[in-house]
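Visitor: Pasting a structure below so you can have a look.
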Amino acid sequence: MTEAAAFLTLGLETSCDETSAAVLRGQTEILSNVVYTQADLHARYGGVVPEVASRNHVVKLPYIVREALDAARVEAKGLSLVAATYGPGLVGPLLVGLSHAKGMAFALDTPFLGVNHLEGHIFGHRLHRPEMEPPFMALVVSGGHTALVDVARYGEYRTVGATVDDAAGEALDKIGKMVGIGYPAGAEIDRLASLGDAKAIPFPRPMDASPGFDFSFSGLKTAVLYHLRKNPREKREDIAASVLGSVVDVLTRKGLEATRRFHRTRLVVVGGVAANQHLRERLTRDGEQRGIEVSFPPLSLCTDNAAMIAAVAAFRHLSLGEAHPLSLTPEPSLSL
Ligand code: KG4
Ligand code: ZN
């Protein structure tokens, strides 16, 4: 076994409403990746309640860490590095994971690393296809973020476009709430859309015609609100299909165009919304037509998980020689 292969990283993810812990061997071998979602706790409020999330992370995290170590058949004292997300995200939830990781690193006398959650999503894809090295364009599309990031090499990022208001997943979740779908709504909208007609309602394609690669999804939300006021009995399936028609159109067109404009031949799509079947099919098909290879991780590495956090940490420590002091604090608005 090589030295790098014996290197064991514990990663923690608590930036929003998933409590997750994972053990990684080397830079890309997942030994365990335990994800507990609090979604049911927040469903009755129609979105994440930060204080409820923080308190639940405090209760669940120690058990999730135990489970991740047991599933990996690793003892805590065998760990080489302990890492946690330190931003972007909700400050309380971030603080819980970060404090836990720091405490463990101190007690075990290992190095500690804080990880950028957005870089984490990009590494979710690396775990899926380690051989597919940069350069590539990345579309990070989740509940909190919608961004096009040119990845020259791991660790070197240039954001070439981002949402000016709501993230795509956030808009889907809010639209879901309007039509009576529980939080989070993305997966259910995905399912309903397959049963509806995408041409039923001509929702706008926000910023589709504007130059550049920024996105806007709050106008779509307002369009759905007005449509529902006039047509309260509209079929949910048709709303879902028409809304996704708009979101998928814009993400596909801008994603592929940015890939071409920045002279990349591959587009990597990550984040919770990358789980969307309609987006996967359309991007793959249109990408093929334009000679662009579009690649998605499996669903379990699209949505929030700690393996992607451990993967960033292992890379940054082993390849870039990084570690953070235990004085590192959460950065809720951290960017790439
Ligand atoms: O990456 P993620 O787990 O958390 C953030 O970092 O935000 O993404 C969660 C988002 C939610 O908005 C959820 O509705 C959306 O991903 N989502 C989906 C699907 N599965 C999850 N959106 C569309 N289609 C899906 N199948
Ligand atoms: Zn995320």
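Visitor: If you take the beta carbon distance between Glu322 and Arg233 as r and set R0 to 41 Å, what does 1/(1 + (r/R0)^6) give as a FRET efficiency, to the nearest 0.05? Each step should come with its number before you reach the end.
Guide: Working: r = 56 Å, r/R0 = 1.37.
The computed FRET efficiency comes out at 0.15.
Visitor: Which number gives the lysine pairs in the chain that have C-alpha atoms under 16 Å apart and are eight or more places apart or on different chains?
Guide: 6
Visitor: Could you give the alpha-carbon Rg of the range 32-93 over 2.2 N^0.38 Å, rounded to two decimals?
Guide: Rg over 2.2 N^0.38 Å, computed on Cα atoms: 1.30.
Visitor: Please work out, to two decimal places, the log10 of the ratio I(q)/I(0) at q = 0.07, 0.13, 0.16 Å⁻¹ from a Debye calculation in which every Cα of the chain carries one identical scatterer.
Guide: -0.28, -0.94, -1.32
Visitor: Contour minus end-to-end for Ala209 and Arg290, with contour as 0.36 nm per residue of separation and end-to-end as the Cα-Cα distance?
Guide: Numbers: separation 81, 0.36 × 81 = 29.16 nm, distance 1.93 nm.
That works out to 27.2 nm of additional length.
Visitor: Checking the a/c ratio against 1.5 first, then a/b against b/c, what shape does the Cα gyration tensor give for the range 84-131?
Guide: oblate
Visitor: Find how much the distance from Leu299 to Ser335 grows on full extension, using 0.36 nm per residue of separation minus their present alpha carbon separation; answer in nm with one decimal. Mind showing how you got there, number by number?
Guide: On the way: separation 36, 0.36 × 36 = 12.96 nm, distance 2.38 nm.
My answer for the length gained is 10.6 nm.
Visitor: Would you mind giving the three semi-axes, in whole Å and largest first, of the ellipsoid equivalent to the range 233-327 according to its Cα gyration tensor?
Guide: Three semi-axes, in Å: 32, 20, 11.
Visitor: Using only the Cα atoms, work out Rg/Rh for the range 1-148, with Rh taken as the Kirkwood radius, to two decimals.
Guide: On the Cα set of the range 1-148, Rg over Rh gives 0.97.
Visitor: Give the shape of the range 116-159 as rounded, prolate or oblate, defined through the alpha-carbon gyration tensor: a ≥ b ≥ c are the square roots of its eigenvalues, a/c under 1.5 means rounded, and otherwise the shape is prolate if a/b is larger than b/c and oblate if not.
Guide: It is oblate, given that a/c is not under 1.5 and a/b is not larger than b/c.
Visitor: Tell me the mean residue ellipticity at 222 nm calculated for the chain from its helices only (DSSP H runs of n ≥ 4, each -39500 (n - 2.57), averaged over every residue, nearest 500).
Guide: That calculation yields -13500 deg cm²/dmol at 222 nm.
Visitor: Further, regarding this structure: Determine one quarter of the surface area of the Cα convex hull of the range 84-210, which equals its mean projected area, and express it in nm² to one decimal.
Guide: 11.1 nm²
Visitor: Give the percent of DSSP beta bridges with both residues in the chain that are antiparallel, rounded to the nearest 5.
Guide: Among the beta bridges of the chain, antiparallel pairing accounts for roughly 60 percent.
Visitor: Going out from 0 in 10 Å bins, what whole percent of all Cα-Cα distances in the range 205-289 drops into each bin?
Guide: 15, 44, 30, 10, 1
Visitor: Once a ≥ b ≥ c are taken as the square roots of the eigenvalues of the Cα gyration tensor of the range 172-226, is the result rounded (a/c under 1.5), prolate (a/b larger than b/c) or oblate (a/b not larger than b/c)? Could you put the intermediate results ahead of the total?
Guide: Values: a/c = 1.89, a/b = 1.59, b/c = 1.19.
Here the range 172-226 falls in the prolate category.
Read-outs throughout are calculated quantities, based only on the coordinates presented, and are distinct from any laboratory measurement. Predicted model only: the values in this text are computed from it and were never measured. Note that each Cβ is placed from the backbone with ideal geometry, even for glycine, and that neighbours are counted across all protein chains shown.
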